[in-house]
Structure formats: structure tokens, C-alpha cells
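The values are calculated or read from the model by the stated rules, or taken from the named source; none is laboratory data. All values derive from a computational prediction rather than experimental measurement. Cβ placement follows ideal geometry from the backbone for every residue including glycine, while neighbour counts extend to all protein chains displayed.
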Protein chains: 2
Amino acid sequence: MDRTTVGYDKLRGYMQRMFEVGLKYPRESAEITAEVLVEADARGHASHGVARVSMYANEVWDGKNIPEARPEIVHETPISLVVQGNRAPGFPVSKMAMDRTLEKAEQNGTCMTVVRDSCHFGMAGYWAELAADRGMIGWAFTNTLRAAIPLFGKERLLGTNPICVAIPIGRKPHFMLDMATTTVALGKIEVAARRGGTMPVGWAVDEKGVDTTDAISVADINRKNKSPYGGQLYLGGATETHGGHKGYGLGLLVELLTSGLSMGTPSFETYGDGCGICHCFQVMRMDLFGDARAVQRHVSEILDRIRSSPKAEGQERIYIHGEKEFERREKALKEGIWLDPATWKRLDEYADKFGVEHLEP
Amino acid sequence: MDRTTVGYDKLRGYMQRMFEVGLKYPRESAEITAEVLVEADARGHASHGVARVSMYANEVWDGKNIPEARPEIVHETPISLVVQGNRAPGFPVSKMAMDRTLEKAEQNGTCMTVVRDSCHFGMAGYWAELAADRGMIGWAFTNTLRAAIPLFGKERLLGTNPICVAIPIGRKPHFMLDMATTTVALGKIEVAARRGGTMPVGWAVDEKGVDTTDAISVADINRKNKSPYGGQLYLGGATETHGGHKGYGLGLLVELLTSGLSMGTPSFETYGDGCGICHCFQVMRMDLFGDARAVQRHVSEILDRIRSSPKAEGQERIYIHGEKEFERREKALKEGIWLDPATWKRLDEYADKFGVEHLEP
């Protein structure tokens, strides 16, 4: 029996059951959680996919993530919201926050929303895309567990702090930038650790704050949180020569937009009593800038010009952000979602813990 | 006679006279132009300072920058503006746009403004800081002349496309990130060209789109625009290994926020009949998120924690963005602004062309 792919709907239904039965998520919370995780796998971002069930389970069992908790709006203006997550899972918190944000933006032109005391919300792109699907520009930011080093520092204080922006262009895929501000995702360092143990300079520093290629140590430090020192670098690395101060600036900006503006928990204090994760969303209507369809057409033409420009030696394609993920998703909807053997094994393991039947392809 | 420093007010007055007498800028346009240029020199960013008088003069003489032209508002909602620059200089265009943006944000909570058919507006930080000086968050973006390569491409299509964000924290300096999305400013490549001719891998590619360390060729290509191929790289360089797709994504995002949303001229078509430069500004009140002073205090405490954290081996200080520039400016206000010999020479040369007396220290 081929255990490598599974249909989108089947996987989504199964994951919903896992969260409902195994972790006592309310129905709607399980639904949105399953959807966002399965979307990540469908788009080829397994690092944010169903394999994360283990992380969420541990958070629930540790009392940091409280499935039955309900987020609440604690401050509101016609164009802004502050949401207190009350340790509820990041998915229903973000769904509630974005539903209200979209509604307010549709009514009033824009809405900026900050969220505190939430948990991990999966891939940032899912949330920004909700706006683009309704013809609006969407921004999503989040802080994370402490993972990265401020430039010239050695203490792991900030998160991988992603930036996501989705701009609709009249047809799918939207322009969709979804990037951790660190050079690479932690998952890439873990892969390097498994495959020989070295990684390129510029991904991380050791406990002295010095560039290192030792992926095994860094993966170990980050995952096990053994020492407060050493960790990932931001885009541009450990020196100003390649713009390390810029990447660090972007990571810090995301920290201030999320934990700063929400009066929430900075990355360096997350995963104390609660997860303490903070998000920031902004949605803006395109007709703020005139005829929305004409603006979208103009944006689309700029992208066409770039896409069709001559390629560098040895390259065959210039990508616009969002295209790769869109194409993988289309393929996954037809051919099924590919899950690697480690993910199948983990799902079986948690199915046993949860008292749920194993997933069948 | 020491010709290296000059007082802030004296230099500002002198530059105002240069633009008024030499290029027939209306009084108010000359004032704001002089102020923004002198501010850049005071902060140590000579690349955006008074030495640029030659660039502005050439634009005026070529008819791309029309000093007496007036910008106009072509679309407006309570929280947004679209400004048509009508080829007026970028400084008075941006001043008019920001004054209205600040006013609307103070009244309605936020304002997003896009500007087309403007000219170079100097350092982005000046504009974002106007918001922070009034207790609000300010964003400023601009496209530029074509200078940079989309990842896997070889045609110079996009600009150095800076991102600037200023967040007030209750006292100066504000948190102020002001960064070109390219790895380095073109100025750094020119310095490398003068000092031996090589630069690090990751700054630029040659006409085939391949990594190059030949600073002389790249400086030549960019300045003289001899070939459409070869040019600067975005943060992260020419490969995905170090996040080149992220830097390219940020540069492209800035292009879409500026020329895209304003229906203006993309970087790859700037400096045709007019300069064609496009900007984007956003201002948001901090009380959108509750008690503005409490939010600022919380942001400030996050920065304190980072600033005081242990330093990497060999490092003495962790900077928060905006500190270096603030300290240099304080020093310049006391001790005068340092101008290098080439800048003095250029000012004398243009003073002669303009029929203005030479600047005396």
C-alpha cells in the first residue's frame, strides 16, 4: 500500500478529528486548525503542516494552549482592534480576529488589528490571503518562540518573525510574500544537521555570537533551549557587509508590531505560563487608491514585465511570490498531498495517543 | 582654512539659496529640499546629502523635474490620498503629501497615501519621522531609478526600493528602520570601485546575471545605464541559500506599494520624460491600540532588553535602528556637519554654474 499521498479533503477531515477527539478542541476550532495545517502541506510547506500536531499537543498538555478558551476584543475603534487571545489556540484566535478585521475593512476602508496571548497561528500566508480573496490587501505578522540573535548580540531574544503581504491582482495567484525574517527557517538547519551536520555561514551563530557552520549544535540549542546563547541569524547574516543590520531591523520591526503594539509577550518571554504569541494584521481596500480593478491591472502588468524578462545564465524562470505555492496546491488538489514517512509515523503515533484510527491514504 | 565642517543652519540656508537662485525653486520648495538634504549629511548619510545637488540640477536641466510645477490630490477618502506630482521636485511633493497625510491620520486614525510622477525625495527616514515626531507610526516607501535584478533574472528592472518605518517610543531617538532593500547602497559599490575595484559576492551580478566581485563594471553599468543587464542584488544575494528570494520579494513589494498602487511609473520606466518616481506613505495613531503612552513604554522596554543583552565576541554594542543617526546628528549640531573634499568641490562647481558665492565654513 502506497502511504505517501492522501486527498486534501480526507486529510482535512482526519486532522479535524484528531484535534476534536484527541485534544478536545471545539468543533469550529478543530476545523480552522485542520484547514490551515493542511493548506501548508498542500503548498509544500511541510514545516507548518500536519506534522506540527505534536507541538500543539504538547502545548495543550502543558496548559499553555487552552482549547476551550475564547479570545475577546479588548479595544476597538472603527479601524482597529486589540484582541486578547486568552491562551486559546492561535487558529481560532486568528480566525476571529481576521473575520472582524475583514468586516471592518470592508465597512471603513482599513482595519489594523493586534493580538496578544495567542498561540502559534500556522503559516502567516493563510491569514493575509483571506483579505486578497476578498479583493483587499492583507498583511500578517507574528512573533514566535525565541530563535534569533540581534546583530552583534549572542542571546536568542527575537523570533523568526515572519512578514506576509498578499496583494490581489484580479486572478489567482495573488502576489503573496510570506517570509521569515531569519535567513532560513529552523527546519532547514535541522535538515542540514541530519544530512552531514554542516550549514552555510550566515544562517546561525554559536554561543559566543560567532558565525558557525555546525548545524547539529544550533539545531540542538534552538530545539532544546539548553542555553540562552547562540541561534539563528536574520537575513543578511552576522555582519553589516551583507546587510545583517537590515534583516535584524525587519525582525525587530515585526516584534514591535506584534508584541509591542499589542502590549503582549515579546518573543524572549514566550512559552512561559502560556504560549504568549502575538500577531498583527492589517487589511486595506484597494479602492482607497481609486478604481480598484484598474489598480489591480496595473500591478499585474508590472509583474508580467518582470516574469517575462531575460533569465540569468543557468536559470529558466523568474518567480513572482505566491506562484510556487499556488502551483503545488493545484497539483496537490489533483494528485493528493504528499506526506513524508516521518510525518506518517508521527500521525500514527499521535493517533494512538489520541485513540483515533490511523490515517489511511 | 579648515574646509571640512560647516554649521547646520548655515549649510541649510546656503543650500536653500542654491536651489532658489540656481534652479529657480520656489522659496518653500527650496526650503524643504535644503532641509532634507542637510538632515541626511547631519546623520552621516552623505549619499543622500547636499552632494546630490548635481543630480537634481541635471534633472531640472533635462526637464524631468519642473521646479514650479505643483502636485495635486487626484483621489481622496477620509483615510487615503492619491497624489499626482506633476513632475515637481520630490521634496515639496512629499511635504504636501505628508502634511495632508498627518492631518488626516490625526483626524481619522490613519491615512495611506500613494504618490506618482514625483522625483527623488531624499532619505526615506525624513518623511516617516514626521509622523513619529507627532506621536504616530510612520511608514515611507519609494521606488527609484532601475538598479536591481529580480532573483534569477539579469535585467535591471527594479529600484533600490527602500522601506522606512518610524515608531515613537516616548523620547528620541524613535525606533527608525530606514533601509534600501538591496544588499548595499549603490554608493558602497562606487567606493569599492575607487578603492581597488573588488566587492564581496552578494552585492551585484554581471550582464549574464551571475555573481560578480567586479565593482568597477557594476558601478559603470548602473551609473551610465549602458546596458539593461547586470546590476545590484537584493538582501540575501543571488541564491535562495541566503534568502535572495526574500530580499527580492521585499524590493518587489515596495515596487507594488509605490508604482503599483499609485498607477505610476515602475522603476524600469523611470527617467523617461519625467523622473516618474512614486512614493507610498502610511501614518497611524498609536491610540488605535489603546493607551498610546503605555504602548510606547512597552515598546521602549522591549528595546531596552535587547540593547542591554550580552554582546557577541568582539562586539561592544547592540544598536537599535535610528540610534547611530541620532547620535551623529547631535554631534553635527554641536560640532558642525562634516563634508568630504569631493562634496566641497562639487558645491563650489555648482555655485559657479548657479552664480552663487562659494560656501564658507
Exercise. If we scan the stretch B:237-245, do we find a residue that is surrounded by fewer than 23 Cβ atoms within 10 Å (Cβ to Cβ) and at the interface with another protein chain (Cβ under 8 Å from one of its Cβ atoms)?
Worked result: yes
For this session: Take the stretch B:114-138 and flag every residue that is within 23 Å of B:Pro266 (Cβ to Cβ) and over 12 Å from the mean Cα position of the chain (by Cα).
Result: B:Val114, B:Val115, B:Arg116, B:Asp117, B:Ser118
Problem set entry | Among the candidates B:Gln296, B:Gln315, residue that is of a type in the set (S, T, N, Q), outside any helix (DSSP H, G or I) and surrounded by 13 or more Cβ atoms within 10 Å (Cβ to Cβ) | B:Gln315
Seminar exercise, completed: Going through the stretch A:318-361 in order, the residues found to be over 21 Å from the mean Cα position of the chain (by Cα) and part of a loop (DSSP other than H, G, I, E, B) are A:Ile318, A:Gly336, A:Gly355, A:Val356, A:Glu357, A:His358, A:Leu359, A:Glu360, A:Pro361
Exercise. Which of the residues belonging to the stretch A:267-293 are among the aliphatic types (A, V, I, L, M) and either in a helix (DSSP H, G or I) or more than 17 Å from the chain's Cα centre (by Cα) (or both)?
Worked result: A:Val283, A:Met284, A:Met286, A:Leu288, A:Ala292
Seminar exercise, completed: Within the stretch A:121-153, residues being surrounded by fewer than 24 Cβ atoms within 10 Å (Cβ to Cβ) and part of a helix (DSSP H, G or I) number 2
For this session: Give the residues of the stretch A:1-37 that are in contact with a Leu (Cβ under 7 Å, 6 or more places away or on another chain) and of a type in the set (A, V, I, L, M), sorted by residue number.
Result: A:Val6, A:Met15
Exercise. Name the residues in the stretch B:70-92 that are within 12 Å of chain A (Cβ to nearest Cβ) and in a strand (DSSP E or B), would you?
Worked result: B:Ile73, B:Val74, B:His75, B:Glu76, B:Thr77, B:Ser80, B:Leu81, B:Val82, B:Val83, B:Gln84
Problem set entry | Pair list, Cβ under 7 Å, 6 or more apart: the stretch B:23-38 residue under 19 Å from B:Gly355 (Cα atoms), other residue crowded, with 24+ Cβ neighbours inside 10 Å and aliphatic (A, V, I, L, M) | B:Ala34/B:Met15
Exercise. Can you name the condition, by its number, that A:Phe326 falls short on among (1) in contact with a Pro (Cβ under 6 Å, 6 or more places away or on another chain); (2) among the aromatic types (Phe, Trp, Tyr); (3) within 20 Å of A:Val53 (Cα to Cα)?
Worked result: (3)
Problem set entry | Selection within the stretch B:249-266 - assigned to a helix (DSSP H, G or I) and closer than 16 Å to B:Gly85 by Cα | B:Thr258, B:Ser259, B:Gly260
For this session: Could you grab the pairs with beta carbons closer than 6 Å, sequence gap of 6+ or different chains, first residue in the stretch A:204-223 and outside any helix (DSSP H, G or I), second one surrounded by fewer than 20 Cβ atoms within 10 Å (Cβ to Cβ) and small (Gly, Ala, Ser)?
Result: A:Glu207/A:Ser227
Problem set entry | One residue from B:Ser54, B:Ser47 being in contact with a Lys or Arg (Cβ under 8 Å, 6 or more places away or on another chain), assigned by TED's automatic domain parsing to the domain that holds B:Thr5 and part of a helix (DSSP H, G or I) | B:Ser54
Exercise. In contact (Cβ under 8 Å) with a residue 60 or more places away in the chain, at negative phi and among the hydrophobic types (A, V, I, L, M, F, W, C): does that describe A:Leu145?
Worked result: yes
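Listed here are the residues, each with its yes/no results for (1) in contact with a strand residue (DSSP E or B) (Cβ under 6 Å, 6 or more places away or on another chain); (2) hydroxyl-bearing (Ser, Thr, Tyr).
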| position | (1), (2) |
| --- | --- |
| A:Thr144 | no, yes |
| A:Ile149 | yes, no |
| A:Gly159 | no, no |
| A:Val165 | yes, no |
| A:His174 | yes, no |
| A:Glu190 | no, no |
| A:Arg195 | no, no |
Problem set entry | Residue list for the stretch B:175-228, filter: more than 10 Å from chain A (Cβ to nearest Cβ), acidic (Asp, Glu) and more than 24 Å from the chain's Cα centre (by Cα) | B:Asp214
For this session: Look at the stretch A:274-305 and say how many of its residues are within 30 Å of B:Val205 (Cβ to Cβ) and either in the same structural domain as A:Ala40 (by TED's automatic domain parsing) or without any contact (Cβ under 8 Å) to a residue 12 or more places away in the chain (or both).
Result: 5
Exercise. Does the stretch A:216-231 hold any residues that are out of contact with any Asp or Glu (no Cβ under 8 Å at 6 or more places or on another chain), surrounded by 19 or more Cβ atoms within 10 Å (Cβ to Cβ) and not polar (S, T, N, Q), and which are they?
Worked result: A:Gly231
Exercise. Looking at the stretch B:294-316, which of the residues that are facing another protein chain (nearest Cβ under 7 Å) and among the small types (Gly, Ala, Ser) is farthest from B:Arg171 (Cα to Cα)?
Worked result: B:Ala312
For this session: Please go through the stretch A:94-110 and pick out each residue that is in contact with a helix residue (DSSP H, G or I) (Cβ under 9 Å, 6 or more places away or on another chain) and either more than 28 Å from A:Val21 (Cβ to Cβ) or in contact (Cβ under 8 Å) with a residue 60 or more places away in the chain (or both).
Result: A:Ser94, A:Lys95, A:Ala97, A:Met98, A:Thr101, A:Leu102, A:Ala105, A:Gly109, A:Thr110
Exercise. What number of residues within the stretch B:266-293 are under 30 Å from B:Ala148 (Cα atoms), facing chain A (nearest Cβ under 10 Å) and crowded, with 23+ Cβ neighbours inside 10 Å?
Worked result: 4
For this session: Quick one: in the stretch A:158-209, of everything that is farther than 29 Å from A:Cys278 by Cβ and of a type in the set (Val, Ile, Thr), which residue is surrounded by the fewest Cβ atoms within 10 Å (Cβ to Cβ)?
Result: A:Thr198
For this session: Say whether the condition of being touching a Ser or Thr at 6+ places or on another chain (Cβ under 7 Å), surrounded by 19 or more Cβ atoms within 10 Å (Cβ to Cβ) and within 14 Å of chain B (Cβ to nearest Cβ) is met by at least one residue in the stretch A:319-336.
Result: no
Exercise. Taking the stated definitions as given, is B:Asn161 within 14 Å of another protein chain (Cβ to nearest Cβ) and part of a loop (DSSP other than H, G, I, E, B)?
Worked result: yes
Exercise. Would the stretch B:141-162 turn up any residue that is outside the structural domain of B:Gly209 (by TED's automatic domain parsing) and more than 30 Å from B:Ala215 (Cβ to Cβ)?
Worked result: no
